[in-house]
Amino acid sequence: MKRCALLTLLALAACGESTKSISVELTTSAVAILNPYESANLASVRVVVEGSATGDDVIRDLDLSTRTATFEGISAESATVDVRAYGYDEVGNVVAYGERLRLDGEGDVSVSFPLHRNLAYIAHYANGEDRNDGVPAPESVLYVVDVVTRALVSKYELPAGAVARGVSARGGKQMLVTYEIGAVGYLGVISLADHGFTSIQLDGPQELALASEGSPVAVIGGGNLISFADVDAGTNLGRFAQGVGGRFLDGAMAADGDDAVFVIDQEPGTLFIDVGDMDVSARNVVAEPGGVGLRGGGDTVYFTSQGSNRVTAVELGNGNAISYEGGDATGNVAAYADGLSSVIAVRETTGRLDRVVALFLYLETDGKPSVQSNVLGDTLENPLSAVVDGAGTSVLIPARGSEESPPGLTVVVGRAITDAPALSTSLYPTDPVDTYTERDSEIVLRRRYQPRSAAIVYGR
Amino acid sequence: MRFAVPLAALLTAGLLGCSSDDPTCAPKVVVTELECQTAQDCIDEGFSNLTCLDGRCLRACTEDSDCVIDRDELDEACVNVGDPQPQIPICENLRCRTGCPTNACGAGQECVEGRCAFHYESFEIRDGETFVDLTTLGFVAPQADPNEPNIANPLTKIATLGVAGCTLGDERCAGTASLGNNFVWLRYRAASPKGQADTSFTCKACACCLDCLANPPPSGQNVTLATCPGAPDRLWSLPQPLSCPATPPSECSSVCTACDACPNAPPDTIGDRLVSCEAQAAGRACTVCQDCDTSVAMCRNTTCGGPCANPNSTECGMCVDTMCLTANVCTDCISCGESANCRAAMMSTAECADFRNRCLALGDDGCYPTPRNYDRAQLFDLEQALTSPAIDLSAAGPMQLRFDYVGFNVGVTFKVAEQGTDPAQWETAPQEVVVQFCGANCGQDSSWVDGTLVDGSRAVFPPTSRRDNGLTLGSQSTLDWRAGRVVVTIPDAVKTATFRYRFLPALSDGASVGIDEIYVRPAE
């Protein structure tokens, strides 16, 4: 349907275009640290409605005492509508975020979703020497870290004896953590509404769970198997019949929860999961895949390669793949930063710290898919993963460190490829139970916590 | 059903330059009063670069650069048609706005990059200048104590980005600033435990007594004039004890009793930063050096009588040095101290041999230097802090101080060095930088009050949650600056014609803070 032109505005009321309204309510967590109105440097909240039809987007700024907004005049041509809420600090950093994506329906729509503080939950490696010092072991403690400042905000203790492995976000609803106690594996579910904890026993210890708010079904990889669980019902749905070997390096799930992918370190390197059918297929989409990033709100994933200069984009819905090739596009752990229109990856670099690169994907004038690679800066030793926040503007890369090098956090922030993305690497947040020790006649801070896996609320 | 857009709004947009004849090539704007329900309404009017924000066609932003219209936003046919954006807007409250000078600033304010401010400092080199330092920018602390000269904090400096490839880590190669090339690198100068000693000469017995009290010998090993000062296994050096024993050990009794027999020194030469045993030694003179003093006084009046008609002249000083202090008795006065210096430096020159022989010949009548006072090593807060120039806020309304900072590995606590106190007794204090304000009498520390952040808390930074970040000077990035903006409310009581702000550091040796982009501006 053709829209009404403003120059014909006098006749506008009679032009007959069909519209709908979107009513938005922002809720908050009962957990104070997640409530940006209580605990972040929140200066303003912006609600953005984007319909699928061209030009069908509108923005409303809310003062901090207002939690609702109604948007009139959204074209009925928009089959789906995405609603996002951004909380900004004084400087314009995204300190809070919430979203409800792919709203459909022809009539007026009311939607409610939580605006959460932009926090990362980070699991840690075991540190056996501290087990009997009366302080919870690092492997059973999650750090909750502010993405903007990289400051330690709080800690979340898993059940006693838990050894956490992988953390992931199920939108703004839950954080999922795979862990084991002894030889028994579990999927832990942390509610972001109240920090309540439930667990689902798995068939064995596993590495990483993937779930989306669009579906209750989580896919869990690791321990030589792919298993499924209904997170809402708290039940183990079973496993894919065939064993799946290799170490699970990375994973992503489409926003609707219908499809998921894992990257493993065995040929062919990528596993595609049809969640509804609980089916798994292995594909070779790129040589020696290093990591995978998911485009925000969509179902396009990007695989980086450790062994070639290619980045392959795959649409999970139909499996279509495009391979982008560039001069120096190799990369390990990866995340797709929508704000930068780039894949952020880490490249191993001989003789120095690994480097963070932005891989900008584009089509040349002749239609050839290409990659432009930009080095952004260094991480600390042993970077583990790259996770992007819900807004798609901040990428967090934790590094485990080594005997000689402390653990650290790298963050990359940018909003458009035309702006130079900014990178900052700092040491991992200190903890009150960290101790000072003497090494080579120097007093050094011995950091108890070494990050193992991270996820950002609403992030990917 | 869509709502109509008022005609008045459309006309307003037209006044801003959106020509309906050729809207594509008309000057682009990022601020309009055009009403809208969705961005399509803006697109329909030729504002394809705007969105619909709070019912108006505007451009949303998070920083000023978002408000700059790039050439690539224009249709190809329009790229060379005039200035794409006649007014440079700014990003305020997440939306582009027209800044100054288009919107004029109030009295007493300057326009800085589109924003009005009573004071702005980014530590950059001014137009026409080739050099910048804190003094030329007016960051000079008012006199703290009229009776003592100010001691500057030499560690706080203007740091600069540095040339490409320079070795990061000092103020000449300090990495990214918040904006521009420079920022101020704020550090804390700790007091040395004692400070720089000013010496006079005391008799051998008193030198031995002080040395014995400062370096107690093993129990039962009595110190005698024959072997002191120093010990068979220890060369003598100027003792600078942080404390004196309440009860002198019996091993020192002999020499300390002998010290009581030495002549008194003039009382006004004994300073007030001495511990008791230092004061005891400084309170006694050495006969040989007294003889030297007498000889010099005579020489000054006779041999140097001409040049010393003006006793403070350079010529008088040179004459005394060359003609008077070379007298045997004066060489004897310094011989024991100089001989000890020679031994400490393992020098065996003829001059050292002469000093040694002279000292041996003096025996128990030898003279040794002893501290008679110490320079002040403890900075007043006013000297420690980075203090702004005076700013006239007498006619200002609600005001705020806004700045960006980066903490370089600031820890949680540190030991505060206190001059003249045993380091073991130094107190632990939080590491922090306090933002303080003053309205009048800013040379007195009592005139300064702590600022408060907009949330009402005390204006200190970095927050405790952001310590030990491992950042070193030069490793900071734009992100680190963006994560560290501070806004401090300026209280009405200090809004005078001589308002000043200061950053008062309390930091450990390895910690520092970078500060940049300081605004004193109307509160929003």
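The values are calculated or read from the model by the stated rules, or taken from the named source; none is laboratory data. Keep in mind the model is a prediction, meaning the values are calculated, not measured. Cβ coordinates were reconstructed from backbone atoms using ideal geometry, including for glycine residues, and neighbour counts include every protein chain displayed.
Taking the criterion of being surrounded by fewer than 22 Cβ atoms within 10 Å (Cβ to Cβ), more than 25 Å from residue A:229 (Cα to Cα), out of contact with any Pro (no Cβ under 8 Å at 6 or more places or on another chain) and without any contact (Cβ under 8 Å) to a residue 24 or more places away in the chain, would at least one residue in the range A:285-297 satisfy it? Looking through the range A:285-297, at least one residue is surrounded by fewer than 22 Cβ atoms within 10 Å (Cβ to Cβ), more than 25 Å from residue A:229 (Cα to Cα), out of contact with any Pro (no Cβ under 8 Å at 6 or more places or on another chain) and without any contact (Cβ under 8 Å) to a residue 24 or more places away in the chain. If you go through the range A:241-262 one residue at a time, do you hit one that is among the polar types (S, T, N, Q) and either closer than 21 Å to residue A:116 by Cβ or at pLDDT 95 or above (or both)? No, that holds for no residue.
Residues of the range B:151-193 that are in contact with a strand residue (DSSP E or B) (Cβ under 6 Å, 6 or more places away or on another chain), among the β-branched types (Val, Ile, Thr) and closer than 22 Å to residue B:461 by Cβ: B:156, B:158, B:184.
Of A:392, A:377, all but one fail to be part of a loop (DSSP other than H, G, I, E, B) and at positive phi; the exception is A:392.
Condition check ((1) in contact with a Lys or Arg (Cβ under 8 Å, 6 or more places away or on another chain); (2) free of Cβ contacts under 8 Å to residues at least 60 places away in the same chain; (3) part of a strand (DSSP E or B); (4) within 14 Å of another protein chain (Cβ to nearest Cβ)) across all residues:
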residue: A:317; (1), (2), (3), (4): no, no, no, no
residue: A:357; (1), (2), (3), (4): yes, yes, yes, no
residue: A:361; (1), (2), (3), (4): no, yes, yes, no
residue: A:397; (1), (2), (3), (4): no, no, yes, yes
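Within the range B:43-69, if we keep just the residues that are assigned to a helix (DSSP H, G or I) and facing chain A (nearest Cβ under 9 Å), the residue that is surrounded by the fewest Cβ atoms within 10 Å (Cβ to Cβ) turns out to be B:65. The residues on offer are A:177, A:147, and the sole one that is touching a residue at least 40 places away in the same chain (Cβ under 8 Å), surrounded by 23 or more Cβ atoms within 10 Å (Cβ to Cβ) and within 14 Å of chain B (Cβ to nearest Cβ) is A:147.
Taking residue A:244, is it assigned to a loop (DSSP other than H, G, I, E, B), over 17 Å from residue A:291 (Cα atoms) and of a type in the set (Val, Ile, Thr)? The answer is yes for residue A:244.
Within the range B:388-430, can you find the residues that are within 24 Å of residue B:510 (Cβ to Cβ) and β-branched (Val, Ile, Thr)? Once the filter is applied, which keeps residues that are within 24 Å of residue B:510 (Cβ to Cβ) and β-branched (Val, Ile, Thr), the range B:388-430 yields B:406, B:410, B:412, B:413, B:416, B:421, B:428.
In the range A:77-93, of all residues being in a strand (DSSP E or B) and facing chain B (nearest Cβ under 10 Å), the one that is nearest to residue B:90 (Cα to Cα) corresponds to A:88. The set of residues in the range A:150-168 being within 22 Å of residue B:479 (Cβ to Cβ) and either away from every other protein chain (no Cβ under 14 Å) or among the charged types (D, E, K, R) (or both) consists of A:150 alone. Scanning the range A:94-144 for residues that are modelled with pLDDT under 95, in a loop (DSSP other than H, G, I, E, B) and in contact with a Leu (Cβ under 9 Å, 6 or more places away or on another chain) returns a single hit, A:136. Counting only residues that are crowded, with 17+ Cβ neighbours inside 10 Å, within 7 Å of chain A (Cβ to nearest Cβ) and part of a helix (DSSP H, G or I), the range B:442-496 holds 5 of them. Filtering the range A:323-381 to residues that are polar (S, T, N, Q) and touching a strand residue (DSSP E or B) at 6+ places or on another chain (Cβ under 7 Å) leaves A:323, A:330, A:332, A:341, A:342, A:349, A:370, A:372, A:373, A:374, A:379. Taken together, the residues in the range A:319-336 that are more than 22 Å from residue A:392 (Cα to Cα) and in a loop (DSSP other than H, G, I, E, B) amount to 4.
Within the option set A:181, A:200, being at pLDDT 95 or above, more than 30 Å from residue B:467 (Cβ to Cβ) and more than 23 Å from the chain's Cα centre (by Cα) holds for one residue only, A:181. Residues in the range B:415-423: is at least one under 30 Å from residue B:342 (Cα atoms), exposed (fewer than 15 other Cβ atoms within 10 Å of the Cβ) and among the acidic types (Asp, Glu)? Scanning the range B:415-423, I find at least one residue that is under 30 Å from residue B:342 (Cα atoms), exposed (fewer than 15 other Cβ atoms within 10 Å of the Cβ) and among the acidic types (Asp, Glu), so the answer is yes.
Only a single item in (1) outside any strand (DSSP E or B); (2) more than 13 Å from every other protein chain (Cβ to nearest Cβ); (3) at pLDDT below 90; (4) surrounded by 24 or more Cβ atoms within 10 Å (Cβ to Cβ) is not met by residue A:429, and it is number (2). Taken over the range B:136-178, residues that are in a loop (DSSP other than H, G, I, E, B) and under 16 Å from residue B:513 (Cα atoms) amount to 14. Taken together, the residues in the range A:372-383 that are away from chain B (no Cβ under 14 Å) and surrounded by fewer than 23 Cβ atoms within 10 Å (Cβ to Cβ) amount to 4.
Go through the range B:410-439 and report how many residues are in a loop (DSSP other than H, G, I, E, B), at pLDDT below 95, more than 17 Å from the chain's Cα centre (by Cα) and not charged (D, E, K, R). Residues in the range B:410-439 being in a loop (DSSP other than H, G, I, E, B), at pLDDT below 95, more than 17 Å from the chain's Cα centre (by Cα) and not charged (D, E, K, R): 6 in total.
Condition check for residue B:315 on (1) touching a Pro at 6+ places or on another chain (Cβ under 6 Å); (2) closer than 30 Å to residue B:272 by Cβ; (3) not polar (S, T, N, Q): one failure, at (2). Scanning the range B:90-114 for residues that are away from chain A (no Cβ under 14 Å) and within 23 Å of residue B:53 (Cα to Cα) returns B:98, B:99, B:100, B:102, B:103, B:114.
Taken over the range A:432-460, the criterion of being of a type in the set (Val, Ile, Thr), modelled with pLDDT under 85 and in contact with a strand residue (DSSP E or B) (Cβ under 8 Å, 6 or more places away or on another chain) is satisfied by A:435, A:437, A:443, A:444.
Name the residue that is nearest to residue A:51 (Cα to Cα), counting only residues in the range A:298-315 that are in contact (Cβ under 8 Å) with a residue 60 or more places away in the chain and in a strand (DSSP E or B). Step by step, filter the range A:298-315, then rank; the result is A:311. Within the range A:57-76, if we keep just the residues that are touching a residue at least 24 places away in the same chain (Cβ under 8 Å) and in a loop (DSSP other than H, G, I, E, B), the residue that is farthest from the other protein chains (Cβ to nearest Cβ) turns out to be A:67.
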